[in-house]
Amino acid sequence: MTITPPTSPRWTVSDSTRASIDAVFAGFTNTTPGVAMAIYRGGEIAYANGYGMSNLEHNVPITPSSIFHVASISKQFTAMCIALLQDDGLLDVDDPVQKYIPELPTYEYPITIRHLIHHASGIRDHWMLLDLSGWREDDLVTMADCYDLVRRQQELNFTPNDRFMYSNAGYMLLAMIVEKVSGKSLREFAHERIFAPLGMTRTHFHDDHSEIVPGRTQAYKPRTGGGYRVSIPQFDVVGTTSLQTTVEDFAKWNAIFESPTICSAEMLAQAQTPGTFNSGEPMAYGWGLFLEEWCGQRRVWHSGSNHGYRAYYFRLPNLDFGITVFANLSTVAPDQLAARVARIVLGDLLQEDSDAEISTTEHSDIVMVDPAAMVGVYLADNPTDNEPPLHVQLDEEDSELIMPFGRESVSLPLADDGRFQLWSGFGSCWAMEIDDSGIVQKICVQLPATRETYSRLDTSSARRNITSFAGTYYAPELDISIQLVEDATSGRLSWRQRKQEDRSVVLLDTNTLGMGSLDASIRLEFSFDENDMPTEFRFSADRVKNLLFVRQ
């Protein structure tokens with residue numbers, strides 16, 4: 001793809017364009033949660049509006065000044081704090097992390113601050129570790145809780161800087177480094193050096209879950225049977241998340257990339273420069289920002305997702321175009337909404353995109369299929385190391401297909417072109433291959449940055465009885481025990497741990513079990529003694545690899 005060279009902007013937001021933009025959000029009304037949206041140009045807001053309700057209980061509408069939790073969009077601000085401290089001469093991003101956090105283990109390979117910034121450290125993700133330790137989504141989680149789990153980890157997911165693997169723990173550690181070096185909390189430092197100078201008066205790092213924030217939106221998830229339920233974060237974790245802001249305030253942040261005020265132009269260029277792997281290959285990530293090509297343009301972006309909040313921000317630097325879409329409903333795909341608005345505004349300035357987003361409107365024809373035709377376990381055709389299986393289940397109570405996606409579970413509506421729309425993810429397209437008997441044999445999943453094909457697993461050739469894996473297993477790096485429990489009636493195996501519902505386990509091959517929980521797809525690789533009895537297994541999911549469990 002050829003990148004369009006820098007050009008003077010040739011776009012405006014006319015009255016007719018505004019009407020077309022508003023039509024994109026017509027599904028958000030005075031009875032639903034919704035979104036705030038803003039388009040930026042020349043350091044100013046070209047158009048902003050709110051759609052739907054900020055608070056359903058009190059009939060408060062969303063406006064451009066409504067405050068949203070924007071989750072991982074926070075990371076670019078944490079990275080900027082680190083850059084400012086380096087510019088002050090108080091740290092070097094190539095310093096080892098243990099220089100500032102000496103309580104961390106000394107791993108086989110050194111980890112630097114730069115590795116944390118680029119998600120190339122290999123440090124296991126604390127959200128997955130919390131899930132695995134029995135924490136529920138609505139439990140109160142603090143920085144100390146996350147750090148305690150991270151510092152217990154004696155192994156890494158991979159050799160630092162060999163690969164990219166998104167790790168929220170890395171940015172949690174960056175927040176700790178800001179505090180250690182500056183003597184101020186991340187909230188205080190970011191306020192003094194970023195938010196106050198820029199006039200972002202309705203923006204802060206939210207480090208106290210009990211704090212009252214006037215003008216903040218309530219967040220929601222759909223309730224089974226209709227309506228909505230409240231879903232807001234219950235954690236005091238910053239750095240990796242917890243920025244609260246508005247689409248109006250965000251205009252002031254977006255403007256600094258064109259007219260630096262709080263830092264040098266060189267620092268901003270660094271933030272938008274890809275990291276480099278040990279191999280010399282470039283990453284698709286800078287300092288808290290993804291970097292990619294889209295529709296013939298360079299796109300700088302990040303998304304955010306916690307509980308019922310969804311957020312998306314992207315810039316097209318060569319067109320002086322920026323957009324934010326912040327939502328307070330878990331089933332909104334803000335990246336798709338932002339892309340649709342960009343196409344309306346920019347028109348022919350954008351090239352056709354081979355992986356164009358699927359419309360999120362509800363006007364597509366829906367066809368009836370037998371959900372049982374898709375239920376099963378699928379393995380990646382070109383897996384990375386210990387990649388977990390794709391486990392599609394059937395919720396018999398609600399007659400919906402359920403697919404684990406990150407820390408969420410989602411239903412999969414099928415459109416008449418054979419594609420699924422992953423409503424609570426970020427713009428995922430699904431395609432299937434179906435055999436003559438109507439059974440799905442392959443699933444292709446297109447995410448914004450990757451595409452993977454999964455083939456149905458045939459477990460009929462596995463020679464080991466699944467019940468032989470039953471027993472109690474202990475994870476020393478988590479200090480927890482789990483049980484693999486046999487159901488005497490069905491002969492099936494389940495994963496059991498405290499504070500969690502049992503999760504079904506399936507046999508992938510002679511030495512491997514797979515688990516399709518509602519939180520993540522998981523792979524368990526077993527070792528055996530001379531009597532062919534399991535002695536331990538290594539747990540691998542999307543952001544935690546090779547975590548040891550020893551049989552008791």
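Please treat every number below as a calculation from the coordinates, not as lab data. Just so it is clear, the model here is predicted, and its values are computed rather than measured. Every residue, glycine as well, gets a Cβ built from its backbone with ideal geometry; the counts of neighbours run over all protein chains shown.
Which value in nm describes the separation of the simple spin-label points at T32 and S468, placed 7 Å from the Cα toward the beta carbon?
5.3
Quickly work out the V550-to-D436 label distance, labels modelled 7 Å from Cα along the C-beta direction, and quote it in nm with one decimal.
Going by the 7 Å Cα→Cβ label model, 5.4 nm.
Note the full-extension length gain between D94 and E292 as 0.36 nm times their separation in residues minus their Cα-Cα distance, in nm to one decimal. Provide the component values of the computation, followed by the final result.
Values: separation 198, 0.36 × 198 = 71.28 nm, distance 2.48 nm.
Full extension of this stretch gives 68.8 nm more.
If I model a spin label as a point 7 Å beyond the Cα along the Cα-Cβ vector, how far apart are those points for E281 and A488 in nm?
Placing both labels 7 Å along Cα→Cβ, they lie 5.3 nm apart.
At 0.36 nm per residue, minus the direct Cα-Cα distance, what do E501 and V60 gain on full extension? Give it in nm, one decimal, please. Don't skip to the answer; put the middle values down first.
Values: separation 441, 0.36 × 441 = 158.76 nm, distance 3.61 nm.
Residue separation times 0.36 nm, minus the Cα-Cα distance, leaves 155.1 nm.
Could you please rank R456, R498, placing first whichever residue has the fewest other Cβ atoms within 10 Å of its Cβ? Mind dumping the intermediate values first?
Values: R456 19, R498 9.
With the fewest neighbours first, R456, R498 line up as R498, R456.
How far, in nm, would the chain grow between C444 and E266 when pulled straight, counting 0.36 nm per residue and subtracting the alpha carbon separation? Numbers along the way, then the final one.
Details: separation 178, 0.36 × 178 = 64.08 nm, distance 4.08 nm.
The C444-E266 span can extend by a further 60.0 nm.
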